[in-house]
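Here the structure comes first, spelled out in structure tokens, and everything after it is commentary.
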6 protein chains.
Amino acid sequence: MRPSGRNLDELRPISIETGVTAHAEGSCLIKCGNTHVLCTASLEERVPPFLKNTGLGWVTAEYGMLPRATHTRMRREAAAGKQSGRTQEIQRLIGRSLRAGIDRVALGERQITVDCDVIQADGGTRCASITGGWVALRLAVNKLMAAGDVLSDPITDHVAAISCGVYAGQPVLDLDYPEDSEAGTDANFVMTGSAQMIEVQASAEGATFSRDQFAELLSLAEKGVSELVAAQAKAIA
Amino acid sequence: MRPSGRNLDELRPISIETGVTAHAEGSCLIKCGNTHVLCTASLEERVPPFLKNTGLGWVTAEYGMLPRATHTRMRREAAAGKQSGRTQEIQRLIGRSLRAGIDRVALGERQITVDCDVIQADGGTRCASITGGWVALRLAVNKLMAAGDVLSDPITDHVAAISCGVYAGQPVLDLDYPEDSEAGTDANFVMTGSAQMIEVQASAEGATFSRDQFAELLSLAEKGVSELVAAQAKAIA
Amino acid sequence: MRPSGRNLDELRPISIETGVTAHAEGSCLIKCGNTHVLCTASLEERVPPFLKNTGLGWVTAEYGMLPRATHTRMRREAAAGKQSGRTQEIQRLIGRSLRAGIDRVALGERQITVDCDVIQADGGTRCASITGGWVALRLAVNKLMAAGDVLSDPITDHVAAISCGVYAGQPVLDLDYPEDSEAGTDANFVMTGSAQMIEVQASAEGATFSRDQFAELLSLAEKGVSELVAAQAKAIA
Amino acid sequence: MRPSGRNLDELRPISIETGVTAHAEGSCLIKCGNTHVLCTASLEERVPPFLKNTGLGWVTAEYGMLPRATHTRMRREAAAGKQSGRTQEIQRLIGRSLRAGIDRVALGERQITVDCDVIQADGGTRCASITGGWVALRLAVNKLMAAGDVLSDPITDHVAAISCGVYAGQPVLDLDYPEDSEAGTDANFVMTGSAQMIEVQASAEGATFSRDQFAELLSLAEKGVSELVAAQAKAIA
Amino acid sequence: MRPSGRNLDELRPISIETGVTAHAEGSCLIKCGNTHVLCTASLEERVPPFLKNTGLGWVTAEYGMLPRATHTRMRREAAAGKQSGRTQEIQRLIGRSLRAGIDRVALGERQITVDCDVIQADGGTRCASITGGWVALRLAVNKLMAAGDVLSDPITDHVAAISCGVYAGQPVLDLDYPEDSEAGTDANFVMTGSAQMIEVQASAEGATFSRDQFAELLSLAEKGVSELVAAQAKAIA
Amino acid sequence: MRPSGRNLDELRPISIETGVTAHAEGSCLIKCGNTHVLCTASLEERVPPFLKNTGLGWVTAEYGMLPRATHTRMRREAAAGKQSGRTQEIQRLIGRSLRAGIDRVALGERQITVDCDVIQADGGTRCASITGGWVALRLAVNKLMAAGDVLSDPITDHVAAISCGVYAGQPVLDLDYPEDSEAGTDANFVMTGSAQMIEVQASAEGATFSRDQFAELLSLAEKGVSELVAAQAKAIA
């Protein structure tokens, strides 16, 4: 029934290749089916002004799409002179999500910026960015630990994200673009490795949804995130 | 236990005064405790370019805060030269929420812009904007119907929104600013008059949350929204 | 002869309600007929860079219009990404006018920002902003004095403003929108409580004006300002 | 008593050289003492959208300062990414002033843009821009008339402008920079060749002014403008 | 003597992988040593306004760098709100260069936009962008030809580019970042497959250069471009 | 054969008038035929942040065109809200070129900004800006030396620039606008007084060029620059 032929609760094939750029402290190329995101984590020994002299660290994120990551070419945001509302919303979500898995005292007064740049888009780019962004972050923090710059591990748990939705009346896991553009409801779940929730964003697109439907989406998400966490673990092993 | 002395499942006093500006097709001043939002609905006989000659109408929203709506003065966005990511995220949410209660075919090829301007802020401004924005929209549509410009009512149901959160370890309804700034989890629920869900946004702020905690927040929200819908009904009566 | 039926030298009904927002150090809602402006004065214990370590204070103003303050909806300046030339011109005028009634040495090295936001417009918004802005400023300064933060009153006199114009060939006081849009000449006078002039701005719109006509406008303005000053005095009593 | 040694009612030496650029339909370099402004009038056979198919023409103005027109270098507005409030205020004034001397029906549906670029500044740049801008406009209109593109002269009268102020307690004509920066009151008068008023802008800078003082400034301005009009007449002869 | 151990006239290893993104009409990932650029060509059946109804096509280019393509993270241009002067200069160069190898009549009234996004930077990104951009363009044009949308091949010749410079007093081919940052003279040559010149940009950085030195650089460039053209030919075979 | 009747290797008449503005430390008005550029050099006793405490000085340049410097009026960049890519490219070129003739150690920690504003354009504005900009710079440095603020002359040599091109199949010197808009190849050469090269920028416009053609252009440029250097020497004598 799904355009891709997947089962209702089946993720797209996932691959996470690490160490893909020479300069970043941590990096990976995550592929969730045809959605490909390059994630880099950049370490800086400074914090935003509001954290100066607090002893607390900061993790933030930026998100972008290459102009031809999509079916038709989109205008380059740098040329347009501003980031769209959608871009800002997504990068705020990525940043909040990753911070939820960080002990900012243990990190110490330094900042890690996670850049998520979509090379190719086929739905679910924000979730892939979070899942891949965590891997880049983990690798950068590993470097800090190996260098003895932090005393204990500032990462408290995995953070991963997946979309679910009601497609053709059925709750399905991990929407690709053909499903996403038709779905009645679209939800993104960000969770920890221990299945605690960090962010839930569910949105009726065309049809509202009931409490029961929402519970089904949540169950699918729990399954999906556990598989993503396993993929993260394998990538950083 | 709450700073305001309210019960865990108690809304702030709500008042919705309609017809507060002379020019708008629909308007109200909604007060949720000390959060005051002026909502206007402006009707235009044109649609955005992507809807030209489709027969479909459009409802959109814009959100703003007066500089001294808050405890300390914030920079005016018009002077800063752009709307913040937070502002854009909120106005996108208001627009999506209100569109979920509209039959765009019945509305016909015209646009209604709902402006939500926060006069005074004490937490929950996006939810008050949605609840009050719907009243302004309802009144503008009433004008269209009275003039015979639409054949059937384009409004399919009430739309209202409320925040809930985990404060001091307890799920509570309708966070005010002192609660919001301390809450471990913060969630916004947008629902219809028949308790269907339109938008759910839950965010861990400092502590993650479990599936059970989320269910408790949702139950509180159902109670809150039903009371808000009653207040809307009374206001437009 | 006037659309409103007023006498040539008759102000619109004026009301000034103080203390209308919880957070600002001073605030009022001024209504000059159907022109309604919310004025707040915000006190900050810092000054612009060019005044650092001079011992001098600063009073500045910002002006805005809600998008549907007008007959048809105007584009929100924050969304447009800049303040119009008209907005900047008006807020510069308000700031200069209010500073003319302030002893900046007595104020000491602190800044008061007066925000004037037009809720509903029917002509004369810049004059209402000055007249109401002074009331907000007065109340904020009262707080400073009550707290003993200033030794002598930094406010030297009332500041109020009124428009006059040549409408249908006749000099009239306090133009409303129907008059303003037809007037041959449009003038704004800012004066002190002792009838000294602070700002005069007169502009031919369609027809030039003579020295005699200008003198008649000035006499009308003196009458109008004296009534506004009385309304200010009553509001702050 | 004046820094320049001029009499209280004495203009600075004025020169108006016409035809200074090869491309513009009308142009002049006006020198009011050390204030030098290059004025060009550009004719376009189109009007702004709000005038399409009305048969009415439009005259508009833009104003700029070369970065080193002033004592110390100012930031280039093109590099800063926006025109300052002061620039916008001045160019709006120039445009309104020049339009007051134009019969827009006689001009027909075309636009003339007057650019006033300050090469060297020593006070009074907006007045010099208006006086010189009118000469450029006159020359461009002459071209239209010579070509038979307009049937009757769209220019109804001279337009010229001068500043006056209260300097060291004395009303003086045509403030230069040393006077302007010290003046208690600063006023700009735009008038026609027949001494009718187009714009009056008077501003207390430090000290308010009385009705009598204002009348003295106005008398000085009438004298000054009559001399400027004579200089214009000579330049275009 | 070179940091990389290369001979003075030796290119870095070059690889050009085609078909790297699913959506673009043409694409490649070009690697010149550690400089990696993703190039996509997007076809649109419209032209810029100045070419409407001329029968002529257009080729344009945009250039960007991922924030962590470089040793230390650079600010994202979309977040900064504008493209730097350097970015604009480079993308104008790429566009001009590619247009020099196009017959715009044969292309017909359509536009191809070549996006060059630097994934990893180690010197020579603008030259790699031109060389790779031409491959993406070639592939997109192949699609047009295969579909019968153009009658004759609009591509007239290869276009490729290489940098040369005076490093440690010696003319060397294909500067990498360590060389580029030390070079006394830096030159970029854009040439056709038949060794005709399209663009020459040579710049003294610290030391000026003589006519003889320039001739040596040009000879190196001819050798380098011939090798790049061979690599292009192999990639599209 | 040239539209102007000049010989193939003939410059336009050149005049350089110095001391044309009262405030700048150095200034000139350079006229290359009908191309007129006002150049000012402004001295500031501060350097950009990246040079603080290095003992090194800085020379930078900005470029602008008055809106009606051209045949038809161009939009004012300050009104458009940004400098075009062309403007940025040109001012970066001017700055690099002038720095190549400066000993930044001898200059000491101060900045000189050279502003080049085109009053009238007829081709070759960037070259005239460099040639005239050097004169303004020379005069400002002379002031520094006369005041004893520098110990040795920071200017190491003349810097001048000229365009050449292939027009109607012939290499010609110093393109004017009619030639420039038709030229198959357009090149700009920046050289020192001793004929060393600083910048070479050659660009095929419509037709590529051979190594031999390039050599001919370079020979023409050497002749032209030597004449410009003589004109500079005469102007500052």
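The values are calculated or read from the model by the stated rules, or taken from the named source; none is laboratory data. It should be emphasised that the depicted structure is a prediction, and the values quoted were computed from it without experimental measurement. Positions of Cβ are backbone-derived with ideal geometry, glycine not excepted, and every protein chain shown enters the neighbour counts. SASA here: full protein model, heavy atoms, side chains in, ligands and nucleic acids out. Shrake-Rupley method; radii C 1.70, N 1.55, O 1.52, S 1.80 Å.
A few comments on the model shown:
- Within the set D:77, D:89, the sole residue that is open to solvent by 40 Å² or more (accessible area, probe 1.4 Å), within 22 Å of residue D:188 (Cβ to Cβ) and facing another protein chain (nearest Cβ under 7 Å) turns out to be D:77.
- Applying the set (1) of a type in the set (A, V, I, L, M, F, W, C); (2) within 12 Å of residue E:59 (Cα to Cα); (3) more than 10 Å from chain F (Cβ to nearest Cβ) to residue E:100 leaves exactly one unmet item: (3).
- Of the residues making up region B:167-183, those that are of a type in the set (A, V, I, L, M, F, W, C) and either touching a Lys or Arg at 6+ places or on another chain (Cβ under 8 Å) or modelled with pLDDT of 95 or more (or both) are B:172, B:173, B:175.
- Taking the conditions (1) more than 30 Å from residue B:193 (Cβ to Cβ); (2) open to solvent by 40 Å² or more (accessible area, probe 1.4 Å); (3) modelled with pLDDT of 95 or more in turn, residue A:216 satisfies each one other than (1).
- Selected residue (criterion: farthest from residue C:198 (Cα to Cα)) from residues of region D:219-228 that are in contact with a strand residue (DSSP E or B) (Cβ under 8 Å, 6 or more places away or on another chain) and open to solvent by 30 Å² or more (accessible area, probe 1.4 Å): D:227
- For region A:166-189, residues that are closer than 15 Å to residue B:199 by Cα and surrounded by fewer than 18 Cβ atoms within 10 Å (Cβ to Cβ) total 1.
- Single residue of region C:55-74 satisfying the filter (open to solvent by less than 70 Å² (accessible area, probe 1.4 Å) and of a type in the set (Val, Ile, Thr)) that is farthest from the chain's Cα centre (by Cα): C:70
- Residue-level analysis places residue C:35 outside the set of residues that are within 23 Å of residue D:92 (Cβ to Cβ) and within 14 Å of chain D (Cβ to nearest Cβ).
- Screening D:119, D:112 for residues that are open to solvent by 10 Å² or more (accessible area, probe 1.4 Å), part of a strand (DSSP E or B) and either among the acidic types (Asp, Glu) or away from chain C (no Cβ under 14 Å) (or both) leaves exactly one candidate, D:119.
- Qualifying residue in region B:1-16 (condition: hydroxyl-bearing (Ser, Thr, Tyr) and buried (at least 17 other Cβ atoms within 10 Å of the Cβ)): no
- Subset of region F:140-165 [open to solvent by less than 40 Å² (accessible area, probe 1.4 Å) and in contact with a helix residue (DSSP H, G or I) (Cβ under 6 Å, 6 or more places away or on another chain)]: F:150, F:154, F:155, F:158, F:159, F:160, F:161, F:162, F:163, F:164
- Residue in region B:93-105 that is crowded, with 17+ Cβ neighbours inside 10 Å, assigned to a loop (DSSP other than H, G, I, E, B) and under 15 Å from the mean Cα position of the chain (by Cα) present: yes
- Residue C:137 without any contact (Cβ under 8 Å) to a residue 60 or more places away in the chain, open to solvent by less than 30 Å² (accessible area, probe 1.4 Å), of a type in the set (A, V, I, L, M, F, W, C) and outside any strand (DSSP E or B): no
- In the set E:32, E:39, only one residue is open to solvent by less than 20 Å² (accessible area, probe 1.4 Å) and touching a Cys at 6+ places or on another chain (Cβ under 7 Å); that residue is E:39.
- Matching entry among E:207, E:231 (being under 21 Å from residue F:101 (Cβ atoms) and either open to solvent by less than 60 Å² (accessible area, probe 1.4 Å) or touching a residue at least 60 places away in the same chain (Cβ under 8 Å) (or both)): E:207
- Per-region count, region D:17-29, residues part of a loop (DSSP other than H, G, I, E, B) and open to solvent by 20 Å² or more (accessible area, probe 1.4 Å): 5
Residues are listed down the side, and each one gets a yes or a no for (1) closer than 14 Å to residue F:204 by Cβ; (2) acidic (Asp, Glu); (3) within 14 Å of the chain's Cα centre (by Cα):
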site	(1), (2), (3)
E:198	yes, no, yes
E:205	no, yes, no
E:226	no, no, no
E:230	no, no, no
E:236	no, no, no
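- One residue stands out in region A:42-54 among those that are hydrophobic (A, V, I, L, M, F, W, C) and more than 14 Å from chain E (Cβ to nearest Cβ): the one that is most open to solvent (accessible area, probe 1.4 Å), namely A:50.
- For residue D:205, the conditions (1) more than 20 Å from residue D:89 (Cβ to Cβ); (2) within 14 Å of chain C (Cβ to nearest Cβ); (3) acidic (Asp, Glu) all hold with the exception of (1).
Conditions (1) under 30 Å from residue C:33 (Cα atoms); (2) of a type outside the set (Asp, Glu), marked per residue:
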position	(1), (2)
B:16	yes, yes
B:32	yes, yes
B:45	yes, no
B:52	no, yes
B:113	yes, yes
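- Within this structure, residue D:43 passes the test of being among the hydrophobic types (A, V, I, L, M, F, W, C), touching a strand residue (DSSP E or B) at 6+ places or on another chain (Cβ under 8 Å), in contact (Cβ under 8 Å) with a residue 60 or more places away in the chain and part of a strand (DSSP E or B).
- Residues in region F:78-90 that are touching a Gly at 6+ places or on another chain (Cβ under 8 Å) and assigned to a helix (DSSP H, G or I): 5 in all.
- Residues (within 14 Å of chain E (Cβ to nearest Cβ) and assigned to a strand (DSSP E or B)) located in region F:60-74: F:60, F:61, F:62, F:63
- Selection status of residue F:126, within 30 Å of residue F:149 (Cα to Cα), in a helix (DSSP H, G or I) and open to solvent by 40 Å² or more (accessible area, probe 1.4 Å): no
- Residue C:35 vs. criteria within 20 Å of residue C:125 (Cα to Cα) and touching a residue at least 40 places away in the same chain (Cβ under 8 Å): yes
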